[in-house]
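This report refers to the structure that appears directly beneath it.
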Amino acid sequence: MNALTISGLYKSFGKKAAVDHIDLSVPEGSFFGLVGPNGAGKTTALSMAVGLLRPDAGTAKIFGHDMWREPRRAKSLLGVLPDGVALPERLTGREMLTYLGLLRGLDARVVADRAAELLALLELDGAERTLVIEYSTGMRKKIALAAALLHAPKLVVLDEPLEAVDPISAATVKTILRRFVASGGTVIFSSHVMAVVEQLCDRVAVISSGRVVAAGPVSAVTGGIGLEERFMSLIGAPEIAAGGLSWLAS
């Protein structure tokens, strides 16, 4: 079974198609990378797939459950770290996890045990009495990741989860995600850092101008060259003419 199946997904803003009838399948148990330039439609596509943004057309299914027809069932299988996530800032990290865990219907003791373990692993237990509003950008990313994992979902969708996270914490996050996939979970990982995607993911999709231009196992998409080099060949990059920016020369 596919963990995520996107069919004909479409979204426009005014006259611009941000996501242009995308079809994409993410197999269960895969570590799936999603890459593309700024404005390619990655975040919009993921937002529709996880129920944060209603599509103009098309469907998104989580393990066969339609996100917009069976939202409660689909979302029970899903953990999400969206781009620019809004958090309950007047709570401490532990209070936030407790609140969200109880909202999910978890037993209070289970929530307490899981929250303690996640806070310790992500090195947030030292900020026990710190309100989320006082967290750094990296700390906010980590507490949002903890919230996405708390209810033991089958699919985790992460939009730039390592942005602003220090190298030690990033290594911990990578280990957590690898173990999650090894135990049967599925991760969708959106990032601009090609080296990280190539390091972690076994499958990848490249999105440009709202469309999927390549998708499949990393080795098949890259064709024997690095992912960054392959990405540049698919997307292209603006050339700086000879003598351009001469005013920057010392």
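The values are calculated or read from the model by the stated rules, or taken from the named source; none is laboratory data. Nothing here was measured: the structure is a model prediction, and the numbers come from that model. Neighbour counts are summed over all protein chains in view; Cβ atoms, including those assigned to glycine, are modelled from backbone coordinates with ideal geometry. Calculation scope for accessible area: heavy atoms of the full protein, side chains included, ligands and nucleic acids excluded. Shrake-Rupley method; radii C 1.70, N 1.55, O 1.52, S 1.80 Å.
Taking residues in segment 87-99 that are assigned to a loop (DSSP other than H, G, I, E, B), and partners anywhere that are of a type in the set (Phe, Trp, Tyr), the pairs with Cβ atoms closer than 7 Å and at least 6 places apart or on different chains are PRO88/TYR99; LEU91/TYR99.
In segment 46-67, the residue that is most open to solvent (accessible area, probe 1.4 Å) out of those that are aliphatic (A, V, I, L, M) and in contact with a helix residue (DSSP H, G or I) (Cβ under 6 Å, 6 or more places away or on another chain) is LEU53. Within segment 24-44, residues that are closer than 19 Å to GLN199 by Cβ have Cβ atoms under 7 Å from residues that are assigned to a loop (DSSP other than H, G, I, E, B) and open to solvent by 30 Å² or more (accessible area, probe 1.4 Å) in these pairs: GLY29/GLY184; SER30/ASP202; PHE31/ASP202, counting only partners at least 6 apart in sequence or on another chain. Of all residues in segment 114-137, those satisfying the criterion of being modelled with pLDDT of 90 or more, in a helix (DSSP H, G or I) and under 20 Å from ASP159 (Cα atoms) are LEU118, VAL132. For segment 199-250, filtering for residues that are open to solvent by less than 80 Å² (accessible area, probe 1.4 Å), closer than 19 Å to GLU160 by Cα and out of contact with any strand residue (DSSP E or B) (no Cβ under 8 Å at 6 or more places or on another chain) leaves 1. On the given criteria, is ILE143 within 19 Å of ARG90 (Cα to Cα), open to solvent by 10 Å² or more (accessible area, probe 1.4 Å) and assigned to a helix (DSSP H, G or I)? Criteria not met by ILE143. Note on segment 10-42: among residues that are among the charged types (D, E, K, R) and over 13 Å from VAL187 (Cα atoms), the one that is most open to solvent (accessible area, probe 1.4 Å) is LYS15. Of a type in the set (Lys, Arg), on the phi < 0 side of the Ramachandran plot and at pLDDT 95 or above: does that describe ARG104? When the stated conditions are applied, ARG104 does not pass them.
The combined condition, being part of a strand (DSSP E or B), open to solvent by 30 Å² or more (accessible area, probe 1.4 Å) and of a type in the set (A, V, I, L, M), is fulfilled by VAL80. In segment 114-125, the residues that are under 17 Å from ALA170 (Cβ atoms) and open to solvent by 50 Å² or more (accessible area, probe 1.4 Å) form Cβ pairs under 7 Å with partners that are part of a helix (DSSP H, G or I) and small (Gly, Ala, Ser), at six or more places apart or across chains, as follows: GLU123/SER169.
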